[in-house]
Amino acid sequence: MRAVVIHAPKDLRIDSFPDAVPGPGEVRVRIANGGICGSDLHYYHHGGFGTVRIQQPMALGHEIAGVVAAVGTGVTGFAEGTRVAVNPSLPCGHCAYCREGLRNQCLDMRFMGSAMRNPHVQGGFREFVTVDASQVFPIAPTLSLAEAAMAEPLSVCLHAAHQAGPLLGKRVLVTGCGPIGALSVLVARYGGAAEIVATDIADAPLAVAKSLGATHALNVARDQAALEPWRAGKGTFDVLFEASGNQAALRGALEVMRPGGVIVQLGLGGEMTLPLNTLVTKELQLRGTFRFDREFELAVRLMGEGLIDVKPLISASLPFESAVEAFELASDRSRAMKVQLTF
Ligand code: ZN
């Protein structure tokens, strides 16, 4: 089979890749769609992010869906031809964090297409993957495989919403309207937020956020005082989903958060400086969020029941043989929201 493999920054190749027959408890899936994520783009442009660097060639991709091609012994619930979303995370199930239910913090996590572990866990941008049956989720007949491949980023945003707490009737700010910010708008709307304000520094993603149900979509590069109306009193937002990883976005948002507000930091911003006095005196709650756990199953279900519609986010699909073109397109925020590869 063939796979989309990163060798070095800007060195993305279509390589032949070893196949694996499903062992006991495993499922072989013929991949149909794979979404390009921000982390895939980091590997493509920079060879990694933070301290994580590719040490050996690695197939990219962890937003994948396809059709069951074979099942190993002992696997029930799937047959050849079942359409499925594939959860890229495989926690060990027995470390201290797994045992206390924090499986996304597993000490021995195997996450597809991630160089955090050495040797790296190969990703899902290939014609077939063989995974543990626990990673495979059948999808509703009404759901396309392209939508199913959005289950992973949607899970990330559902996990962030769990970190935020109840959203019903809340005033929500979303900073950064890439796919994660845009999906956060959808999740906030589904969660019953009364007002959703989205900000970005580019018009194209803001237009998508507006179409997804953002009450206001504001370009804070063009109008730096755009959030001024929400600054009344000590600030008016109950919840912030910070999806840009940009220091200016977080600092600006601190000024418009109401006392006791909850900040959920989704964007990986590296190091930044914050006015800690604002955090202290307004009793703001700064919370991280990392990947997801059982939210994957929830994402598949919410999309399958038509409660969350991710179709407007999928801006282009290219054959995997054109991966370089697809990665370049996905890097251009004026032209692309979520770009998928087809296999
Ligand atoms: Zn574990």
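Structure values in brief
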| read-out | value |
| --- | --- |
| Förster radius 30 Å - calculated FRET efficiency between E228 and E297, Cβ distance, rounded to 0.05 | 0.15 |
| Coarse-grained scattering of region 225-282 at q = 0.13, 0.21, 0.23, 0.27 Å⁻¹, given as base-10 log I(q)/I(0) from a Debye sum over alpha-carbon atoms | -0.29, -0.78, -0.93, -1.23 |
| Residue-level accessible surface for R335, protein heavy atoms, 1.4 Å, Å² | 150 Å² |
| Estimated FRET transfer efficiency when R0 is 22 angstrom, pair S134-D309 (beta carbons, to 0.05) | 0.20 |
| Residue-span extension gain [T142 to M116] - 0.36 nm each, minus C-alpha spacing | 5.8 nm |
| Kirkwood hydrodynamic radius of region 155-288, from inverse mean 1/r over distinct Cα pairs, in Å | 14.2 Å |
| The chain: angle of helix 179-190 to the longest principal axis, Cα-based, in degrees nearest 10 | 70 degrees |
| Three-way shape label, region 1-108, alpha-carbon gyration tensor, a/c 1.5 | oblate |
| Additional length obtainable on full extension of the chain from A20 to M1, 0.36 nm per residue less Cα span | 5.8 nm |
| Accessible area of Y190 in the full protein assembly, 1.4 Å probe (Å², nearest 10) | 110 Å² |
| Rounded FRET efficiency, nearest 0.05, which uses the C-beta distance separating A204 from V324 and R0 of 25 Å | 0.70 |
| Local electrostatic count, R2, Cβ distance below 14 Å [Lys/Arg +1, Asp/Glu -1] | -1 |
| Gained length - V280 relative to R30, 0.36 nm times residue gap less alpha-carbon distance | 84.9 nm |
| Virtual spin-label span in nm between Q105 and N219, 7 Å along Cα→Cβ | 4.2 nm |
| Dipole of the chain, positive direction: furthest Cα of P166, V136, L302, with charges on the beta-carbon | P166 |
| Percentage, to the nearest whole number, of Cα pairs in region 63-113 over 15 Å apart | 58 percent |
| Rg/Rh for region 60-179, where both radii come from Cα atoms and Rh is the Kirkwood radius | 1.00 |
| Net charge of Cβ neighbours under 11 Å - reference H46; Lys, Arg +1; Asp, Glu -1 | +2 |
| Estimated D of the chain in µm² per second, where Rh is the Kirkwood radius over Cα pairs and Stokes-Einstein applies at 25 °C, 0.890 mPa s | 120 µm²/s |
| Nearest 10 degrees, 0 to 90: helix 295-304 Cα axis against the chain principal axis | 90 degrees |
| Sorted peptide list for 203-210, 219-226, criterion being average Cβ within 10 angstrom, highest first | 203-210, 219-226 |
| Total lysine pairs whose alpha carbons fall under 20 Å of each other in the chain (8 or more apart, or interchain) | 8 |
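The values are calculated or read from the model by the stated rules, or taken from the named source; none is laboratory data. For clarity, every value in this text was computed on a predicted model and none was experimentally measured. Note that each Cβ is placed from the backbone with ideal geometry, even for glycine, and that neighbours are counted across all protein chains shown. Quick note on the areas: whole protein, heavy atoms, side chains included, nothing else; ligands and nucleic acids left out. Shrake-Rupley method; radii C 1.70, N 1.55, O 1.52, S 1.80 Å.
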